[in-house]
Amino acid sequence: MGRTHQPGQSEFKATLPEDIDWKPFAAFPLSVRLAVVVGQPAEAAPYVIRVKVPSGIKLMPHRHPEDRVYTVISGIFYIGLGDQFDDDKLQAYPPGSVVVLPGDTSHFHWAKSGEYVTQVTAVGPLGLEYLDPNDDPRNRSDRRDDRD
């Protein structure tokens, strides 16, 4: 009996940094970019994405239904836990750090000291719910960036 592979993982494949396909993501402020590295985040299967957040951008309190593992690729990843944005609750994680975030945990991010890139590994489908619907770029006609 042959081994069953996850979708997109039955053949050897490598993605070089210069081949990452960064795209806007409707649930993020305008300048934030997301790249799908492995899998299809909309499906109920493992996926790997990268998120690039420019300096000064805040991702207001939100949660994801799926458990996530963040690996900091570059920059300093500031994340805080809670239902309200509170810069006193932010923790700084340098490149190489691994952060485990259980599903349905309210949290927020800030690119406080410059751009950062994180890699997220999870089992989909990917979900993102802002605690305050007014913070959700999908609900705003102005689609502004959330800079400090």
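The values are calculated or read from the model by the stated rules, or taken from the named source; none is laboratory data. Remember, it's a predicted structure, so these values are computed and weren't measured experimentally. Ideal geometry is used to build each Cβ from the backbone, glycine not excepted, and the neighbour counts take in all protein chains shown. The area values use the complete protein model at the heavy-atom level, side chains included, leaving out ligands, DNA and RNA. Shrake-Rupley method; radii C 1.70, N 1.55, O 1.52, S 1.80 Å.
Pairs, please: C-beta under 9 Å, at least 6 apart or cross-chain, first residue farther than 17 Å from Ser55 by Cβ and without any contact (Cβ under 8 Å) to a residue 40 or more places away in the chain and in segment 17-38, second in a loop (DSSP other than H, G, I, E, B) and charged (D, E, K, R)? Every condition considered, the pairs that remain are Ala35/Asp21; Val36/Asp21; Val38/Lys13. Could you give me the residue pairs with C-beta distances under 7 Å whose first residue belongs to segment 90-104 and is farther than 21 Å from Gly56 by Cα, whose second residue is surrounded by 13 or more Cβ atoms within 10 Å (Cβ to Cβ) and polar (S, T, N, Q) wherever it lies, and which are 6+ apart or on separate chains? Cβ pairs passing all conditions: Val98/Thr71. The set of residues from segment 1-44 being open to solvent by 60 Å² or more (accessible area, probe 1.4 Å), outside any loop (DSSP other than H, G, I, E, B), farther than 19 Å from Arg63 by Cα and in contact with a Phe, Trp or Tyr (Cβ under 8 Å, 6 or more places away or on another chain) comprises just one member, Val36.
For segment 108-148, a residue qualifies if it is open to solvent by 30 Å² or more (accessible area, probe 1.4 Å) and hydrophobic (A, V, I, L, M, F, W, C), and the qualifying residues are Val123, Leu126, Leu131. Can you say whether Gly80 is free of Cβ contacts under 8 Å to residues at least 40 places away in the same chain and not aromatic (Phe, Trp, Tyr), as far as the supplied structure shows? The answer is yes for Gly80. Every test in (1) under 29 Å from Thr15 (Cβ atoms); (2) modelled with pLDDT of 95 or more; (3) open to solvent by 20 Å² or more (accessible area, probe 1.4 Å); (4) of a type outside the set (S, T, N, Q) is passed by Phe85 save one, and that test is (1). Please determine whether any residue of segment 112-129 is at pLDDT 95 or above, in a strand (DSSP E or B), of a type outside the set (Val, Ile, Thr) and closer than 19 Å to Gln84 by Cβ. Yes. The residues on offer are Ile57, Ile73, and the sole one that is in contact (Cβ under 8 Å) with a residue 24 or more places away in the chain and buried (at least 20 other Cβ atoms within 10 Å of the Cβ) is Ile57.
For Gly96, indicate whether it is touching a strand residue (DSSP E or B) at 6+ places or on another chain (Cβ under 7 Å), in a strand (DSSP E or B) and farther than 22 Å from Pro24 by Cβ. Even if it seems obvious, please write down each step before you answer.
Working: touching a strand residue (DSSP E or B) at 6+ places or on another chain (Cβ under 7 Å): yes; in a strand (DSSP E or B): no; farther than 22 Å from Pro24 by Cβ: yes.
No.
Listed conditions (1) under 25 Å from Asp21 (Cα atoms); (2) assigned to a loop (DSSP other than H, G, I, E, B); (3) modelled with pLDDT of 95 or more are all met by Arg144, apart from (3).
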